[in-house]
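Notes to accompany the following structure.
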Amino acid sequence: MKKSVTVSIDSEKLSALEMYLGQKNMNLSDEFEKFAEQLYQKYVPSNVREFIELTASKKPSRRTKNTAPAESEMQSEQ
């Protein structure tokens, strides 16, 4: 699950930043995401990052409601 973060910046600085990023075909939100990832890598211990990755990969995938009837229909056809 992703969460949002609010950052305060002077409007003129924000306009200038967006303008110069745009000249380089870059996006402010993409740059913030990269920076947040760098902060995460720098400050969160590696064993904690590994644990988070393991728990994220073990989460069961959600089944959609559409797949359950299809499975029962296949069994009834056999």
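Highest mean packing comes first when the peptides 50-58, 32-40 are listed by Cβ atoms within 10 Å, giving 32-40, 50-58. Under 23 Å of direct C-alpha separation, and excluding same-chain neighbours fewer than eight residues apart, Lys24 reaches these lysines: Lys13, Lys34.
Rule-based calculations on the coordinates, nothing more; no lab input. On a predicted model such as this, the values are computed, not experimentally measured, just so you know. Virtual Cβ from ideal backbone geometry, glycine too; neighbours counted across all protein chains shown.
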